[in-house]
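These notes are about the structure you will find just below.
What follows draws every value from the coordinates through simple rules; no lab data is involved. These numbers were taken from a predicted model, which means no experiment stands behind them. Cβ placement follows ideal geometry from the backbone for every residue including glycine, while neighbour counts extend to all protein chains displayed.
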Amino acid sequence: MSRLVILSLLCLLCSPAVRAQEEPVPRAPNVPVQRSHPVESIDPDTLGSAAPIAPGQDAPEFRLESSTGEPIALADLRGHWVVLVFNATRTWFGPLAAAGDSLRALDARTCGICQDGATTLRDYATQVALPFPLLADPTGQLSQLFGLYDADAHAIQSGVVLIDAHGVVRLVAPGGTLHAADVLAIALRAIRNS
């Protein structure tokens, strides 16, 4: 493991923001979980008043246009850990390509989410040979559900969301300047501690 990844992991272990948002204890079977609705069914006027989805809750069902040319839904990824990486622009995802193989080795599926349209994402993903799909969230609705949207700036904020194989959110980690090593360290730590 590279020194940068180890250093990032140590920083994360000491980070109170990440520790506070983790859900280390699995919920008991008899504890009700807030059910969520597909992104398409959410009224944009009510998004700002809703509390962001937190660890321990079911991830919202979504279906977004992607760089693959086909829409991708959360249901398509069930049975695998899902690493959703949010950022306002597509160019940020190029350096994350190196982490994609390591996450896939852990049976995790990575998706980058930004505000660009599907055609632009497809062109960019082909140009830089990304090993994971980019999803178009042009209105920021999915990002807002996780508290990763700046309504004043009309922009997606950087962050990582980890969803377990059963569709339960296990981690929401906002971060203004996440790097590929940070994303990998966050995901590895959460998956290995599950």
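Put simply, when 134-140, 52-58 are sorted by average Cβ atoms within 10 angstrom per residue, most first, you get 134-140, 52-58. With viscosity set to 1.567 mPa s at 4 °C, what whole-number translational diffusion coefficient in µm²/s follows for the stretch 89-134 from Stokes-Einstein and a Kirkwood radius over Cα pairs? My calculation gives 121 µm²/s for D.
About the centre of its Cα atoms, the stretch 86-194 shows a dipole size close to 300 debye [charges on the beta carbon of Lys, Arg (+1) and Asp, Glu (-1) only; nearest 20 debye].
With Cβ to Cβ distances under 13 Å as the rule, what net charge do the other residues near GLN115 carry (K, R +1; D, E -1)? Working shown, then result.
Values: positive: ARG90; negative: GLU65, ASP116, ASP137, ASP150.
The answer is -3.
When every Cα-Cα distance of the stretch 49-166 is counted in 10 angstrom steps from zero, the calculated P(r) takes the values 14, 48, 33, 4 percent.
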